[in-house]
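Colleague: Take this structure, written in structure tokens, and hold onto it; I'll ask about it next.
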Amino acid sequence: MVKGQKRCFDVLKTIPADSKVVWFHCASLGEFEQGRPLIEELKSRKPEYKILLSFYSPSGYEIRKNYSFADWIVYLPNDTISNARKFVSLANPCMTFFVKYEFWYNYLIALEGRRVFQVSLIMRPEQYFFKPYGKWFAKRLGVFEHFFVQNNQTKELLNSIGYNNVSESGDTRFDRVIQISKTVKSFPLIEQFCSTNKKILLAGSSWEADEEIISATFKQTKDLKLIIAPHVVESFHIKSIQNLFPDAVLYSEAEGKDLINASILIIDCIGILSSLYKYCNIAYIGGGFGAGIHNTLEASTFGKPICFGKKYNHFQEAVDLVNRNAAFSIENAEDLITILNKLCQNSVFYNQAAEASLKYTQEKAGACNCILDYLHI
């Protein structure tokens, strides 16, 4: 990251002076996935625009440093007065988009008088903008031409500190997952594993705590086959999963195996999870017994009922899915057994959950069009 920040200005110096630069800043990979559909739609409508994409975190930059829709990809230098002035002067963006919740004080000062936007913004009452001691920073938000926010709470919070240039456009991630679902890949080995009368449970982005609960559950269910796509695929984690599921087949070793009669498949590679949800009947999203659950929308866009652990309240889409009876939070193996049995044995209940899941994603799409309509693009 430090080396990348030092190289940033050398990259910016290569930008031709007459370029129409649109700058997108994403803290990390998750924010990039929110900005991505907007970048690609903007490029398709206005190919003459040049895209400058910046990251702060290596987990974003290192994975997307070759992203084809961006003309220049850099690390964002630290938020100092000199760095901000130099960055904005060299990049000279005609528009700037900060994704989700990026507020860089000195960069905002340097961008004053230019077109600056927040997209997929989500805010909470405990943030310092809404406290007496945060008024100095709240005033700096006046640099933004418009806020495109995810929910009504964020809109009301901004209104409360005097900002009415707000649109409740929603989350651009909905556009992204729908885009993914339309271009989903096929996996013959997965299809072979799933060619059975049994229901398929897919555990996506699972952690050890999730896997232990699923292990206890799976021993008491007969109507399911299981695909585990863990969040961490290093050998030590794969071995711990194999210890829990001794009969499991590794995806990397599945060629030539009797996958039709196999009960458990471990995905020991990365990059394919979003395409796998089309194969399952029920999705289990990991992380709910740690820092918080992972992406639920990739399962929802395929119309799958969803289960996850108890730490989900900071994720608006998870709260919405629970309220719609499309997703179900569990605290232990007994809870998971109960909901899986109901989903497997009660077709009416299952169909209602699946329909609610699909409908939610479809209803929430359109954030990119809302933003580009505002820009008359």
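Computed from the coordinates by the stated procedures, all read-outs in this text should not be read as laboratory data. Everything quoted here is computed from the prediction, not taken from an experiment. Glycine gets a Cβ as well: all are built from the backbone with ideal geometry, and neighbour counts include every protein chain shown.
Colleague: Would you mind calculating the gained length between Tyr374 and Asn92 on full extension (0.36 nm times residue separation, minus the Cα-Cα distance), in nm to one decimal?
Modeller: Between Tyr374 and Asn92, full extension yields 99.3 nm more.
Colleague: Which far-off residues, 5 or more places away or on another chain, put their amide H under 5 Å from the one on Ile227, with H placed in the peptide plane?
Modeller: Leu201, Leu202, Ala203, Leu265
Colleague: Calculated from the structure, Cα extents along the principal axes in Å equals which of [x] 84, 57, 36; [y] 64, 43, 37; [z] 99, 49, 26?
Modeller: It is the one labelled [y].
Colleague: Additional query: Taking the Cα centroid of the stretch 122-151 and of the stretch 258-302, what is the distance between the two, rounded to the nearest whole Å?
Modeller: 36
Colleague: For the stretch 138-147, in order, what is each residue's ³J(HN,Hα) by Karplus, 6.51 cos²θ - 1.76 cosθ + 1.60 with θ = phi - 60°, in whole Hz (x at glycine and Pro)?
Modeller: Ordered by residue, 3J(HN,Hα) equals 4, 5, 5, 5, x, 5, 6, 5, 7, 10 Hz.
Colleague: Quick one: order Leu38, Leu29, Leu157 by neighbouring beta-carbon count within 10 Å, fewest to most.
Modeller: Leu29, Leu157, Leu38
Colleague: Related question: Using modelled amide H (1.01 Å from N, peptide plane; none on Pro or chain starts), what sits under 5 Å from the amide H of Gly287, excluding residues fewer than 5 places away?
Modeller: Here the answer is Trp207, Asp210, since their amide H atoms fall under 5 Å of that of Gly287.
Colleague: Classify the stretch 181-363: rounded, prolate or oblate, from the alpha-carbon gyration tensor (a ≥ b ≥ c, eigenvalue square roots; a/c under 1.5 rounded; otherwise prolate if a/b is larger than b/c)?
Modeller: rounded
Colleague: Summing Lys, Arg as +1 and Asp, Glu as -1, what charge do residues with Cβ under 12 Å from the Cβ of Ala70 carry, Ala70 excluded?
Modeller: +3
Colleague: Between Asn66 and Glu112, what is the label-point separation in nm under the 7 Å Cα-to-beta-carbon projection?
Modeller: Between Glu112 and Asn66, the simple spin-label model gives 4.3 nm.
Colleague: Rank Ile190, Ile270, Ile51 by mean-square fluctuation in a GNM of the chain with C-alpha springs under 10 angstrom and give only the top-ranked residue.
Modeller: Ile270
Colleague: May I ask you to evaluate 6.51 cos²θ - 1.76 cosθ + 1.60, the Karplus curve with θ = phi - 60°, for each residue of the stretch 235-244 and list the ³J(HN,Hα) values in order in whole Hz, giving x for glycine and proline?
Modeller: So the J values, rounded to whole Hz, are 4, 5, 6, 4, 5, 5, 5, 5, 5, 6.
Colleague: Based on the Cβ-Cβ distance from Asp258 to Gln5, what FRET efficiency comes out when R0 is 35 Å, to the nearest 0.05?
Modeller: 0.10
Colleague: Using +1 on the beta carbon of Lys and Arg, -1 on that of Asp and Glu, and nothing else charged, what's the dipole of the chain about the Cα centre, debye to 20?
Modeller: 1000
Colleague: Got a sec? How would Cys370, Cys307 order by Cβ neighbour count within 10 Å, fewest to most?
Modeller: Cys370, Cys307
Colleague: Can you put Thr154, Thr80 in order of Cβ neighbours within 10 angstrom, beginning with the fewest?
Modeller: Listing Thr154, Thr80 from fewest to most nearby Cβ atoms yields Thr80, Thr154.
Colleague: Another one. Place +1 on the Cβ of every Lys and Arg and -1 on the Cβ of every Asp and Glu in the chain, take the dipole about the Cα centre, and give the residue among Ala299, Leu157, Cys280 whose Cα lies farthest towards its positive end.
Modeller: The listed residue farthest towards the positive side: Leu157.
Colleague: Take the alpha-carbon centre of the stretch 1-43, take the same for the stretch 208-235, and report the distance between them in whole Å.
Modeller: Answer, in whole Å: 38.
Colleague: Let me ask something additional. Tell me, what HN-Hα J-couplings in whole Hz come from the Karplus equation 6.51 cos²θ - 1.76 cosθ + 1.60 at θ = phi - 60° for each residue of the stretch 122-131, using x for Gly and Pro?
Modeller: Result, rounded to whole Hz: 9, 10, 9, x, 6, 5, 5, 4, 9, 10.
Colleague: Can I ask one more? Scanning the chain for GluC sites (Glu not before Pro) in DSSP loops with at most 16 other Cβ atoms within 10 Å, what's the longest stretch left with none?
Modeller: Free of exposed loop sites, the longest segment is 146-233.
Colleague: Roughly how many nanometres apart are two label points built 7 Å out from the Cα toward the Cβ at Arg85 and Lys239?
Modeller: 5.5
Colleague: If you don't mind, there's one more thing I want to ask. Skipping prolines and chain starts, which residues have an amide H placed within reach, meaning under 5 Å, of the one on Thr296, given they are 5 or more residues away or on another chain?
Modeller: Sorted by chain and number, the residues that satisfy this come to none at all.
Colleague: Can you give the extra length, in nm with one decimal, that the chain gains between Asn151 and Phe349 once fully stretched, where that is 0.36 nm per residue apart less the Cα-Cα distance?
Modeller: Between Asn151 and Phe349, full extension yields an extra 68.4 nm.
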